[in-house]
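Shown next, in structure tokens, is the structure this report addresses.
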Amino acid sequence: MAAEELRAVVEALRLVDHHVHGAATGELDRAGFDDGLTESAWPAPEGTTHLDSQLGFAVRRWCAPVLDLPPHTEPDAYLARRKELGWTEVTRRLLTAAGVGCFLVETGYRAQQILTPEQMAQTCGATAAEVVRLETVAEDVAADGVDAAGFADRFAAVLDERARRAVGLKSVIAYRHGLDFDPDPPGPGQVRAAAGRWLRRRQTGEERLADPVLLRHLLWTGVEHGLPLQFHVGFGDADLTLYRNDPSLMTGFLRRVQDRRVPVMLLHCYPYHRTAGYLAHVFPHVYCDVGLAVTYTGARSRAVVAETLEVAPFGKLLFSSDGWGPAELHHLGAVLWRRAVTAVLGEWVEWGEWSGADAVRVAQMVGSGNARRVYGLEEPP
């Protein structure tokens, strides 16, 4: 199979973005757009912007043509064109050009600022389903009013209702504590005591759930639903402590839930993507992706994709973009993944290491088939 044939097959794939957030609603000013292109909470050094990055250069190379601009157009011209078209048209163009057939949208982060799953689907003629964030459900339960004794039952009831409409659950315990958590489920007395401590802290303005006992309780309540359970791993904003986000720290938990037949989905994973690949290799219920990493590494994304394909079984790898906010992130997640997969697999075919048919099959598995199987999605017509 010639490189052009493989490229055509990969370009035609209707991807399943198995972990994504909504695109931003409303216009983004210069500062808002710049903030959307970094995991840092701080501005770029004086005289620079967050566009001075692999991600920023990828925006100017791959998103500019979608907005009728030449590749590598200057930032001011890009932002002026973005404003001229308006956010609705920019979002429609970028999401449509991404070629995603199904979005699995995690709705637990700043949901008021982004498109809903239904709006994401309508914008580009795709389908969508929801992934529910456990910590957000717990915070909603607390905000509605509950005492320590009733917290566990109320959380279980609300999660049960939310999970009926969802295809997966997600935890951000990596941010709130770290992946080096006690793998055992806490007892009822421990949960009541922890809920009491947290609810008292909420009265002083500390609304964010970070108690390690309650975080473990959320996980184990989620496990009971049997849905794929997503975990943020590795690269993210400054709220996390990176060395505590190594997925190997979860090994005890992975062993504990193995017999529950709950798929554990390791998201992003950089710089621990090789470790995540190992875990997917040795545990039957572990899967991984490099969604956020592909976007942020830009021109180096093919190296990250190649490293992910080293030991992870090909039936355990999934595509995601982790786009949130500027629709450029959703578009680049797809564009850079397609380019990386085409380059890496094409090279192996050229060297005679792989057949062309195998390259196509693996691209289809990672881009769509694995997600449809694990999440129980219908095949497209």
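Where a number appears in this text, it was derived from the coordinates with a stated rule and is not lab data. Since the structure is predicted, the reported quantities are computational estimates derived from the model, not experimental observations. Reconstructed Cβ throughout: ideal geometry from the backbone, glycine too, with neighbour counts over all protein chains shown.
Summing Cβ point charges (Lys, Arg +1; Asp, Glu -1) relative to the Cα centre of the stretch 260-321 gives a dipole of roughly 120 debye. Normalised by the number of residues in the stretch 28-85, the mean separation of alpha-carbon contacts (under 8 Å, six or more apart) gives a relative contact order of 22 percent.
Between the helical axis of 212-223 and the longest alpha-carbon principal axis of the chain there is an angle of about 70 degrees. What is the angle, in °, between the Cα long axis of helix 87-98 and the longest principal axis of the Cα atoms in the chain? Nearest 10 is fine, range 0 to 90. Around 80 degrees separate the two axes. Using a simple spin-label model with pseudo-atoms 7 Å out from Cα toward Cβ, Arg14 and Asp29 lie 4.1 nm apart.
Judged by the mean number of other Cβ atoms found within 10 Å, the most tightly packed of the peptides 176-184, 320-328 leads the ranking 320-328, 176-184.
For the chain, with the dipole built from +1 on Lys and Arg beta-carbon atoms and -1 on Asp and Glu ones, taken about the Cα centre, which of Leu214, His330, Gly56 lies farthest toward the positive end? Farthest towards the positive pole: Leu214.
Taking the Cα centre of the stretch 28-85 as reference, the dipole from Cβ charges on Lys and Arg (+1) and Asp and Glu (-1) amounts to some 220 debye. In the chain, Cα pairs under 8 Å separated by at least six residues give a relative contact order of 22 percent. Expressed as a whole number of Å, what is the distance separating the alpha-carbon centroids of the stretch 267-314 and the stretch 95-113? Their Cα centres are 21 Å away from one another. When each of Ser171, Ser53 is scored by the number of other beta-carbon atoms lying within 10 Å, the sequence from fewest to most is Ser53, Ser171. On full extension, the segment bounded by Thr204 and Tyr109 gains 32.0 nm, given 0.36 nm per residue less the C-alpha separation. As a proxy for reagent exposure, ranking Trp198, Trp354, Trp42 by other Cβ atoms within 10 Å from fewest up yields Trp42, Trp354, Trp198.
Listed by Cβ neighbour count within 10 Å, with the fewest neighbours leading, His19, His72 appear as His72, His19. Normalised by the number of residues in the stretch 182-247, the average gap of Cα pairs under 8 Å and 6 or more apart makes the relative contact order 28 percent. Computed from backbone phi with θ = phi - 60° and the Karplus coefficients 6.51, -1.76 and 1.60, the 3J(HN,Hα) list for the stretch 311-316 is 10, 5, x, 5, x, 10 Hz; x is used for glycine and proline. Close amide H pairs (under 5 Å, H built 1.01 Å from N) link Val264 with Leu229, Val286, Tyr287, residues at least 5 positions away or on another chain. A viscosity of 0.890 mPa s and a temperature of 25 °C, combined with the Kirkwood radius over Cα pairs in Stokes-Einstein, give a translational diffusion coefficient for the chain of 115 µm²/s.
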